[in-house]
Amino acid sequence: MVEILTDDEFEMMKESGKILQEVFKTLRDELKPGMSTHDVDKIAYGIIRSHDAIPSFLNFGQPPFPGTICASVNEAVVHGIPRKSTVLNDGDILSVDVGAILNGYHSDACRTYLIGDVAPEVKDLVKRTEESFFVGLELAKAGNRTGDIGEAIAKYCEGFGYGVVRELTGHGIGTSMHQDPDVPNYGKAGHGYKLKKGMAICIEPMITLGSRAIEMLGDEWTIVTRDGKPASHYENTILITENGPYMTTYDYEEGF
Ligand code: MG
């Protein structure tokens, strides 16, 4: 089912999204080599709870996800479990995917952070993954289709020789975290679900430096690249308004 939100509900979505903005900016300032992904998780948990919001990933799914954030390091694409034993090293990249529920409204977003001095080709991957999101965002307008977004993201990334993960997609969001429609990072312009004013969606390119083939680890959550090359992920929650797309989880003033 595709949910159509009212203007009042859009305001609730914005309040929820602001919490994730705070998580991302705090982490941007605090992440450093030597921290564990469990340390990062604790920071995100503290911020979300300080707003009386609920971390939506915690205990989600089966087996229940044990973290507030998905902490995916280097070859981990998504759904990495935060652990005391996973310590960030100089040169790593860390994607932090996080969700919050405030007054019943969900937000979901991701940033990939550079830890210390990262190899130029990996830095480029992170930068272009983010750019591909904005290429897709431009097309997130009422009347356009999910295929318009997907085709544009795939074209942009494949132009650099990157892999575009297909098994996982963006999604509708609102009073539940994952809902229709799927918002794939590939597709055909003019095809897919037609966006309407009042929808909220997540666009979330998952892009690999090598092959797009992925596999799941034995923890039943962490998705890694099969070739062990790094992957990057970027996501915001987006409202489809009459004036175009509006990102609730992005600080427009700071550009982050
Ligand atoms: Mg998402």
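Contact order, relative form, for the chain: 24 percent (alpha carbon pairs under 8 Å, 6 or more residues apart, mean separation divided by residue count). Relative to the current alpha-carbon distance between GLU30 and GLU220, full extension at 0.36 nm per residue lengthens the span by 65.5 nm. With neighbours defined as other Cβ atoms within 10 Å of a residue's Cβ, the residues GLU151, GLU242, GLU167 order from fewest to most as GLU242, GLU167, GLU151.
What distance in nm separates the two pseudo spin-label positions at GLU131 and ASN243, each 7 Å out from Cα along the beta-carbon direction? Placing both labels 7 Å along Cα→Cβ, they lie 2.8 nm apart.
Ordered by the count of other Cβ atoms within 10 Å of each Cβ, fewest first, VAL224, VAL98 give VAL224, VAL98. Taking a threshold of 22 Å on the Cα-Cα distance, which of the pairs LYS25/LYS155; LYS25/LYS229; LYS32/LYS123 fall above it? From LYS25/LYS155; LYS25/LYS229; LYS32/LYS123, over 22 Å: LYS25/LYS155; LYS25/LYS229.
For the chain, set up a Gaussian network in which alpha carbons nearer than 10 Å are linked by springs, and say which option among ILE47, ILE201, ILE81 fluctuates the most. Among ILE47, ILE201, ILE81, the largest GNM mean-square fluctuation belongs to ILE47.
As a rough footprinting exposure proxy, the listed residues TYR193, TYR156, TYR252 were ranked by other beta carbons within 10 Å of their own, and the order from fewest upward is TYR252, TYR193, TYR156. Calculated FRET efficiency, ASP227 to TYR252, Cβ-Cβ distance, R0 = 51 Å: about 0.90 to the nearest 0.05. Taking Lys and Arg as +1 and Asp and Glu as -1, the other residues whose beta-carbon sits under 12 Å from that of GLN179 total -4.
Reported to two decimal places, what Rg/Rh ratio describes the chain when computed on Cα atoms with Rh from the Kirkwood expression? Looking at the chain, the ratio lands at 0.94. Report the Cα centroid-to-centroid distance between the stretch 67-123 and the stretch 208-244 in angstrom, as an integer. Cα centres, the stretch 67-123 to the stretch 208-244: 11 Å. Roughly what would the spin-label model give for LYS155 and ALA119, points 7 Å off Cα along C-beta, in nm? Spacing of the two 7 Å Cα→Cβ label points: 3.1 nm.
The GNM of the chain, with springs linking C-alpha atoms under 10 angstrom apart, assigns the highest mean-square fluctuation among ALA119, ALA100, ALA76 to ALA119. For the stretch 43-147, a Kirkwood radius taken over Cα pairs fed into Stokes-Einstein (4 °C, viscosity 1.567 mPa s) yields D = 83 µm²/s.
The numbers here are math on the coordinates, done by the rules we state, and not lab data. Please read these numbers as outputs of a predicted model, since none were measured by experiment. For neighbour counting, all protein chains shown are included, and Cβ atoms are generated from backbone atoms with ideal geometry for every residue, glycine included.
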